[in-house]
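Okay, structure first, notes after.
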Amino acid sequence: MSSRIRTYLGEALVLFLVVVMLLPIFYMLAMSFRSASEIAAQPLGLPTSFDLENYSNAIGSMHYVRSVANSLGITIAVTFVVSLLGSMAAYPLARKSGRVGRVIILLTSLSLATPGFVTITPYYVILNNIGLLNTYAGIILVYIATNLPLAIFFYVGFISTIPRELEEAARLDNCGDWKVFWYVIRPLLGPATATLSLFVMLAVWNDFLFPLLLLTDDSKGTIMVSVYRFLGNFEIKPDKLFPAAVLASLPLLVLFVIFQRRIVSGMTSGAVK
Amino acid sequence: MSDVLLKNITKKFGSVTAINGVNSQINSGEFCVLVGPSGCGKSTLLRMIAGLEGITSGDLLIGGKNQTNADPAKRGVAMVFQTYALYPHMTVKENMSFGLKMVGTKKQEIERKVSNAAKILGLEDLLDRRPKALSGGQRQRVAIGRAIVREPKVFLFDEPLSNLDAELRVQMRLELSRLHARLKTTMIYVTHDQVEAMTLADKIIVMKDGNIEQFGAPDEIYSDPKNLFVAQFIGSPKMNILNGVVTKVDQNSAQIILPDFPDKSVIVKTAEPLKPSAHVKLGIRPEHFGQTGSIALDMVVSLVENLGDLRHVHLQADGLDSNLCSLLREKMQVTANEKMVVRFDPKDAFLFDSETGQRLR
C-alpha cells in the first residue's frame, strides 16, 4: 500500500471519528429547533425553521439564570480551591518526602479508582450530621474531596519536571519553602492548572447525582438538575429538553474557548525539551 | 574579609562518602577553581559551601564566621548554576531584583543595583525580556547579574560555561576574568575543564574521589605536581607516562631503564631512597617530548592533529600500552605511520612511584 493511500485512509478514519463525536451534538442542536409534534412524528428529521421559541420557553420554565449562576459559582469555587490545595499538597510530595510521600501518592491514586457513587451515602450522612446538607458549602466541600486526588496526582507529575535548580536559586535568594512555592513553583503551574481546571470543571459542571441528592432546595439546583426536570417519570418534553441541554452546555463551551491555548500547551508540556 | 575555610569537611550519602575530610583555605578576593573528573565531589563541595547540601561533619567558615549549618541565604554567597536557573516567568530585571525583594530592599536601592549590574554586564537593553528570548551567553550574563546585585561575600560558579559553544565559552571566560578583577570578590568556580582552571584561577584545587589531591597556583600545579593523577589531569594534551625500573642509585640520582625501549636508560635527579629494581613511572610533558634532548626514542606516528600554529603528534612503540604525544612547533613534515625519533631531556622528566603514584623528588 502506498504511503499516499495510507495517508488518505488515516485521514478518513479521523474524519469518521470526528463525525461520530459530533453527531450527538448536531442531533441535540437540530432537535432544539423542532416542535414536540415534529420530533414525535420524525425523530431523526431536520428542523424546518430556526425559531427560538423553544429556547425562550425552556429558559422561562427552568430558572436558567439562577441555575447557571449556581453551577458557575460551585464550579469556580471548586476549581479554584482544588487547584490551589492540590498544588500546595503536591509540591512537598513531589520534592521533599521519600518513602512516606510515595505511599501518600499511591493512596491518592487509589482513591482515583474509587467509583463516585460508592461515596454518596457517606457524604450524605456526614453533611447531614454537620448541618451542611442542602448548602453550597457542603456540596463544594464534597466536590473538593472528590477532585483533590486527581489534582495532587496531576501536579506531582508536573512539578517533578521543574528543574530543582530553580528552587535552589530561590533558596539562595532568601526564600523558604512557602516563598519558593508561591513565587517560583506556582507561577510555573499555569499550563497544568489550565488543563486540570478543564477536567475539574467538566466533572463538576456535568455532575448530576451529587447536586440532586445534596441540594434538595430547588433554588439551589445546578443547571444539570434543571435540565433533568424536563425528563419526567411518565413524559419527556423534547421541545424543552433539547434547548435546555444546549443552554446548559454553552457556559462550559465559552470557558473552554477562553482556556483553550493554555489547555493545549498544558497537555503537551514536557513532550519536548 | 571573605575568606572561606574548610575544616575537615565530610559529606556522606548513606554509606557512600562523597567528600572525605577536606581541608583548605580560599583567601579573600581569590579566584579558586575546583577541578577534577566527573564524580570527584567538586560540585558537592560547592553546594555544601552554598548551603544546598548539608555538611555531615566538619566546619565551614566564611569571613571568619562559622556557617556550617547556616541557611543558604544567610551565608553571604551567590551562586551561578550550570543551567543558569533563571526564573522563566520573570523578566531579566525581575530575575535580577528577586533576591533583593525577598530581603526587603527598598525599591530605589534595587533599581540602582540592578542598573549597575546591567551596565557591567551589558544587559541594559535586555532588562524587559524573558529568559526564553535570550541567547545562551545572555542568559549566562543574567545569571551572573543576579549574583552580582546581591553583593555577596563569595561567588560560587558551578560549571557555568559548559552549556556554551566553544567561541562563547572563551569570550565568557575572559569576561569572568575581567569581572573578578573589577569586583575583587572571592570566587569559587567548579569545572572539569582544566583549560578553564588554568586560565581563570589564582588557586586550583584538584580533587579526586572526594579528596583534595593538590592545591596551589596554576603554575605550581602544572610544573610541580604532587602525584601521577594531578600530573596527568592538569595539562592538555596530558603528560606522557613511561614505565621504568631503577637499576642503580646514587646519592642524588638514579639510573632508570625503560623496559618498553630496549637499551634505553635515563639518569634522573632524585633524593628519594630508591631501591634497585623498584618500578617507577617517568612523566614527560608533550612540549618537552620533541626534537631536542639527550634521550632519543624510536617511535611510529599514529596520528597527527594539526592545530595551525602547532601539531599534536600521537606516537606508538612496540610493547607500549598507551599512545604518547609530542607537541611540535617546528615546520617539519610528519605523517601517520612513518618512523620518528622523539627526544627528551631527563631534567624535564617527573618521577612517580608505580604503586602509590606519589611524586619521587
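Values in this text are rule-based calculations from the coordinates and carry no lab data. All values reported here derive from a predicted model rather than from experimental measurement. FYI the Cβ positions are ideal-geometry reconstructions off the backbone, even for glycines, and counts take in every protein chain you see.
Figures for the structure shown
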| quantity | calculated |
| --- | --- |
| Most mobile of B:ILE188, B:ILE234, B:ILE256 in a GNM of chain B (Cα contacts under 10 Å) | B:ILE256 |
| 16 Å Cα-Cα reach of B:LYS275 towards aspartates and glutamates, excluding residues that sit fewer than 8 places from it in its own chain | B:ASP250, B:ASP353, B:GLU355 |
| 222 nm mean residue ellipticity, helices alone, for chain A (DSSP H n ≥ 4; -39,500 (n - 2.57); rounded to 500) | -24000 deg cm²/dmol |
| Amide hydrogen neighbours beyond the local backbone of B:THR247, cut-off 5 Å, H modeled | B:GLN255, B:ILE256, B:ILE257, B:SER277 |
| Angstrom value of the Kirkwood radius, inverse mean 1/r, which spans all Cα pairs in the protein assembly as shown | 31.2 |
| CD proxy at 222 nm, helix term only [per DSSP H run n ≥ 4: -39500 (n - 2.57); per residue of chain B; nearest 500] | -7000 deg cm²/dmol |
| Relative counts (whole %) of C-alpha pair distances in the range A:1-121, using bins that are 10 Å wide | 10, 17, 20, 23, 21, 9, 1 |
| Angle in degrees between helix B:136-149 and the longest Cα principal axis of chain B, rounded to the nearest 10 | 60 |
| Inter-centroid distance (Cα atoms) of the range B:1-79 relative to the range B:326-354, Å | 41 |
| Taking N as its residue count, the alpha carbon Rg of the range A:150-239 over 2.2 N^0.38 Å | 1.76 |
| Formal net charge of residues neighbouring B:THR105 (Cβ-Cβ distance under 11 Å; K, R +1; D, E -1) | +3 |
| Helix axis angle, B:92-102 relative to chain B longest principal axis, alpha carbon, degrees | 70 |
| Debye log10 I(q)/I(0) at q = 0.21, 0.28 Å⁻¹ for the range B:172-226, Cα point scatterers | -0.82, -1.22 |
| Whether chain B is rounded, prolate or oblate, judged on the alpha carbon gyration tensor where a/c under 1.5 counts as rounded | prolate |
| Eligible lysines near B:LYS113 by straight Cα distance, threshold 22 Å, same-chain separation 8 or greater | B:LYS74, B:LYS93, B:LYS101, B:LYS153, B:LYS184 |
| Folded to 0 to 90 degrees: helix B:166-183 orientation relative to chain B principal axis, Cα | 60 |
| Three-way shape label, the range B:38-165, alpha-carbon gyration tensor, a/c 1.5 | oblate |
| Summed residue charge, Cβ within 14 Å of B:LEU60's Cβ, Lys/Arg positive, Asp/Glu negative | +3 |
| Semi-axis lengths, Å, the range B:1-88, gyration tensor of Cα atoms, sqrt of 5 times eigenvalues | 18, 18, 14 |
| Candidates A:PHE80, A:PHE26, A:PHE158, ranked by Gaussian network fluctuation over chain A, Cα under 10 Å, top entry | A:PHE26 |
| Gaussian network model of chain A, springs between alpha carbon atoms under 10 Å - residue of A:ASN57, A:ASN147, A:ASN206 with greatest fluctuation | A:ASN57 |
| Convex hull volume per residue in cubic angstrom - Cα atoms of the range B:209-315 | 152 |
| Local electrostatic count at A:ILE104 - Lys and Arg +1, Asp and Glu -1, tallied over other residues with Cβ under 15 Å | +4 |
| Part-to-part distance (alpha-carbon centres) for the range A:126-141 and the range B:128-205, which is given in Å | 59 |
| Gyration tensor (alpha-carbon) shape descriptor, the range B:124-201, a/c threshold 1.5 | oblate |
| Axial C-alpha extent at least 24 Å, average Kyte-Doolittle at least 1.0 - helices from chain A (DSSP) | A:3-32, A:64-95, A:136-160, A:238-268 |
